[in-house]
1. Run lengths n ≥ 4 of DSSP H only: what is the helix-derived mean residue ellipticity at 222 nm for the chain, with -39500 (n - 2.57) per run over all residues, to the nearest 500?
2. Just the projected area, averaged over all directions, of the convex hull on the alpha carbon atoms of the chain: how many nm²?
3. Pairs to check: 183/329; 401/477; 477/511. Give those whose C-alpha atoms are more than 19 Å from each other in this structure.
4. Could you give the dipole magnitude of the chain about its Cα centre, charging the beta-carbon of Lys and Arg +1 and that of Asp and Glu -1, in debye to the nearest 20?
5. Which one of 303, 153, 250 is farthest out on the positive end of the charge dipole of region 14-448, using unit charges on Cβ (Lys, Arg +1; Asp, Glu -1) and the Cα centre as origin?
6. How big, in percent, is the set of alpha carbon pairs in region 20-67 lying more than 12 Å apart?
7. Computed from the mean reciprocal separation of all distinct C-alpha pairs, what Kirkwood hydrodynamic radius does region 135-238 have, in Å?
8. For 416, 437, which order do you get if you count the other beta carbons within 10 Å of each Cβ and list the fewest first?
Amino acid sequence: MTAAGPTVAAPEGADEHRFWLKHYPANVPHHVTVPDRSLHALVAEAVRTYPGHTALIYYGRRYTYAEFWRETGRFAEQLRADGIRPGDRVALYLPNTPLYPIALFGILRAGAIAVQISPLYLGQDLVALLKDSEPAAIVTLEILYPNIARVRAEHSVPRAYVARFRDFYPGFARPFVNRVLRKRGRPTDFPAGPEVVPWTAVRRRDGRSFVDAVVDPATAVAVLQYTGGTTGIARAAMLSHRNLVANVVQANTWNVRRRAGEEVILTAIPLFHIYGLTVGLLLGLTEGDAVVLQTQPDVPELLRLIRRYRPTQFPGVPALYAGLLRNPKTKEYDLHSIRFCLSGSAPLPQEVQRQFETLTGAALIEGYGLSETSPATHVNPLEGDRRAGSIGLPLPDTDQKVVDLESGMRELPIGEIGELVVRGPQVMLGYYRRPGETALVLENGWFRTGDVARLDADGFAYIVDRKKDMINVAGMKVWPREVEEILFQHPAVQDAAVVGTPDPERGEVVKAYVVLRPGATATEGDLIAFVRERLAHFKAPRSIEFRDALPRSGVQKVLRRVLRDEGTAPTPGAAPRAPPG
């Protein structure tokens, strides 16, 4: 790390129970020094150390650390002038562009809280998060603003800072950006209205003399990160400045190959996801590294970015690495600049790991984490012992145990299967405005992950299954209930159940089982389109199987487990039928 600070002491006697420490690589310390600073203060030190270094690269547009920091100061200045005060929420409704980190750190420097909202969300998804977080303002692009405008009747945000997508590209490319957007049917007209503040107004501010807000890193919330948790109801994990700073220090300490101020990090994973935010952005910006942003993880474009910018780190998800391996053009590109890849958000197939490492010479390491833990808790060793199928060892100053699934009170012996529970400085403060639900998952600093796991004799953890029915689509959480509720709104649907089915690219995709009302007609395409109009597209079913009845328990609960286990086989006593009509 570039910053220094007081050592946060480990709990007295903690190492006595951390039997996994003997399997740490020799050059990874058992404890880390966590600076007692805000996240923006940590990046400000990198700015002072590396002012002329490249901070951000976006399709040829470069920002030095000094330029980037001035842009954040301009926005912080605008926020303060508009009455945004410490503790207020400001939402980010953006894809990966330079505007994301600029707005994020402008929000933090003003002492406000950044609310992470996926740009894939629209309609009911978007309304739910806006109602829950009640942001005083939102930052977005003109191509996304219509989604906000369409839900204003249900929930309006007082102020919207809106930028043009094309303005973050190099000047020569800007005329082509709108042409491509219009060809794809995306709106390019700039919105009007009393709530709209054009980003051009923000950029007229100076930003150089802005005095950053002083916050208590341990108690001040930096980010509200939405997650389905273990019930499927959207709730925001309150991540403090210290949570995020701690995880940055832990992860950068684990990466013994890193060279501060020299790394080039290719970030294709979305910044609205906590994995993308911390691993794709914060690990680099706190160390003076260059972050190459890709708006969408398109494989041919990825290859061109690798050729042009020669990244040294490439965090991703298994589907992204598999996509590169599968692309016939990949062999025409030299990928040997990449030295380190951290894979997260979904299990990493061993064959994908082996082939990718052979192709690139890089180390592709599997890790594990959650929105509630900033996110990383476990990572496989970069050097030395790593275990196939394992999520690795706990990061420094992180504790783990496996408890029984019934009560959650009894710690289980090595090798037995139960719920994984973790503790460390990266664990959230709690769920925003949900003390009851916080109490269900947090007790004495221990966080119940909701994942079923086992530990081996050396402390390596293995995820066995998910505790609930969550579907993991390329690292994005989809809960059956929310999709089922939309299906039930269709007039032809009598009964519905949703499960996840294996997919080689995304890990899992959504599959629906539907019973139609007597005499009603609907096709698979009709129902998929119905859901896609109301929820983020990744939540929509990829396939629908029509049934005469769904398997149910004695208390009439749909047995999703039976549907998952039988796959496409018919439910006993109920033959599948082709969709009518």
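1. So the calculated ellipticity at 222 nm is -7500 deg cm²/dmol.
2. Its average projected convex-hull area is 27.1 nm².
3. Violating the 19 Å limit, Cα to Cα: 183/329; 401/477.
4. 1920
5. Of the options given, the answer is 303.
6. 72
7. Computed over Cα pairs of region 135-238, the Kirkwood hydrodynamic radius comes out at 16.8 Å.
8. 416, 437
Values in this text are rule-based calculations from the coordinates and carry no lab data. This is a predicted model, so every value here is computed, not measured. Ideal geometry is used to build each Cβ from the backbone, glycine not excepted, and the neighbour counts take in all protein chains shown.
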